[in-house]
1. Could you work out the pair-distance distribution P(r) of the stretch 130-247 from its alpha-carbon pairs, with 10 angstrom bin width and percents rounded to whole numbers?
2. At 0.36 nm per residue, and after removing the present C-alpha to C-alpha distance, how many nm does the segment from Ser362 to Glu158 gain when stretched out fully?
3. List residues of the stretch 329-373, by number, whose backbone nitrogen lies under 15 Å from a label position 7 Å along Cα→C-beta of Arg133.
4. How many nm separate the modelled label positions at Ser344 and His317, each set 7 Å beyond the Cα in the direction of the Cβ?
5. What accessible area per residue, rounded to a whole number of Å², is obtained for the chain using a probe radius of 1.4 Å?
6. Report, in deg cm²/dmol and to the nearest 500, the calculated mean residue ellipticity at 222 nm for the chain, where each DSSP H run with n ≥ 4 adds -39500 (n - 2.57) and the sum is divided by the residue count.
7. Considering only protein heavy atoms and a 1.4 Å probe, what is the carbon-and-sulfur percentage of the accessible area of the chain?
8. Please compute the length gained on full extension between Arg118 and Lys174, using 0.36 nm multiplied by the number of residues separating them and subtracting their Cα-Cα distance.
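The values are calculated or read from the model by the stated rules, or taken from the named source; none is laboratory data. Keep in mind that this is a model prediction, so the values were computed, not measured. Neighbour counts are summed over all protein chains in view; Cβ atoms, including those assigned to glycine, are modelled from backbone coordinates with ideal geometry. The accessibility values were calculated without ligands, DNA or RNA, using every heavy atom of the protein model including side chains. Shrake-Rupley method; radii C 1.70, N 1.55, O 1.52, S 1.80 Å.
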Amino acid sequence: MADKSAGMVISTILKHDTKITSYKMALLRAINDVVLSFPDLRSYRQDIAIPLRLLAEFWVAYYWGFAQIDRPIWQGQRATTFKEVTPSNNKRKNDMAFRPALTRFRELWEHALGSAARPSDGFFVMNELRVPRKRKTYPPILLDAYQQVLKDISKTLEMPIRYAGPGNWTVFEKPKQVKELNDRTITVPSTQLHEKCLVVKADLWQVFREMSLWVEALCIHEWCLFTESVKQDDSSLDRGDIYNLLTDRPDNRRPLTWERNKIDLLILEGHTFICPWTHREITPGVAYDLDHLMPVSVYPINELWNLVPADPKFNSHVKRDRLPTIERLQQAQPYFELAYSQYSASESLSDVLREDAEIRFSQLQQDLFAASLAHAVADFIEQVAETRNLSRFG
């Protein structure tokens with residue numbers, strides 16, 4: 001069980017620490033989401049280093065809805081002396097230091113999309129631009145703007161890290177580059193040697209893992225109360241509006257044409273897939289869905305390991321956005337392995353599968369890759385279902 005004192009640290013930061021911005025709520029929520037995103041790290045029982053860049057990606061998702069050019073939602077009190085305030089100059093005391101960069105990026109995103117952004121687009125953007133092959137499909141001006149947002153947020157992150165708890169650096173140490181970490185500290189997958197990282201102690205990591213639903217709920221609750229207390233340009237804004245922005249989740253808007261074309265070719269070449277839920281064989285002429293094993297409404301992940309051919313009727317009418325029971329998951333695991341083995345018969349799918357798996361899982365066996373990945377994916381799904389208390393099907 002997690003250390004009770006570590007649990008009190010989280011509660012104290014959220015309930016009793018002085019808050020002049022929403023940064024502390026965003027910091028704890030981001031750590032919580034990272035813990036959920038990399039469940040296999042729990043087996044190390046060691047301190048974990050999270051790159052500030054990864055925390056910044058989650059901040060893009062959280063603050064996305066507050067960075068509308070025509071309806072900004074302020075995250076700090078007004079300046080005590082009058083200054084003309086516009087979204088471009090952002091002369092607000094204690095508001096988001098990265099608002100100009102995020103607002104600019106959101107404008108570019110809407111231009112690239114050809115329509116107004118949704119509140120959940122921050123989560124969609126975060127997951128799209130984490131995957132190298134998908135990042136290449138976006139224009140350089142958008143990618144440059146995204147890197148600027150991450151740079152500005154990473155700099156901002158050091159403030160709530162420093163002032164979490166009483167005094168300076170009392171809960172978290174000053175962020176360090178990977179080369180400065182001790183040998184007992186584990187880094188999350190995809191961390192680069194040059195990146196500056198926040199180190200989360202093993203007992204605190206365990207608290208986040210065991211109490212993630214409570215941590216998220218308290219973060220969002222306190223965030224709503226804080227934002228409601230800030231004087232807004234729109235006087236009708238209330239905590240319900242803030243809650244909707246902070247909890248909105250994307251649907252699956254990105255077409256999976258490339259993946260489907262590659263899988264269709266494998267099927268035509270004689271490679272058989274089996275639906276992990278109905279055990280129906282998928283052969284030439286048989287309709288199938290590309291099922292998100294982890295539903296988009298839970299995590300908007302289009303990484304290839306999360307996509308397997310499945311019976312479309314079952315996927316649409318039974319599974320929907322639910323997760324399987326542990327018994328159903330155990331029965332499905334061999335069919336995950338079969339799908340990953342079949343992907344490996346395609347050079348392009350094989351490369352993508354390994355690339356996507358490496359940014360998510362830390363303990364894969366290369367000589368037994370498909371089996372190891374299937375086990376890791378099943379474990380990921382079970383850990384998320386258990387910690388989030390999600391609806392399940394049997």
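1. Going out from 0 Å in 10 Å bins, the stretch 130-247 shows 10, 25, 36, 24, 4, 0 percent.
2. Full extension of this stretch gives 70.8 nm more.
3. 340-360
4. Computed distance between label sites Ser344 and His317 equals 3.6 nm.
5. Ligands and nucleic acids excluded, the figure is 44 Å² per residue.
6. After summing the helix terms and dividing by the residues of the chain, the value is -15500 deg cm²/dmol.
7. Ligands and nucleic acids excluded, carbon and sulfur give 50 percent.
8. Residue separation times 0.36 nm, minus the Cα-Cα distance, leaves 16.6 nm.
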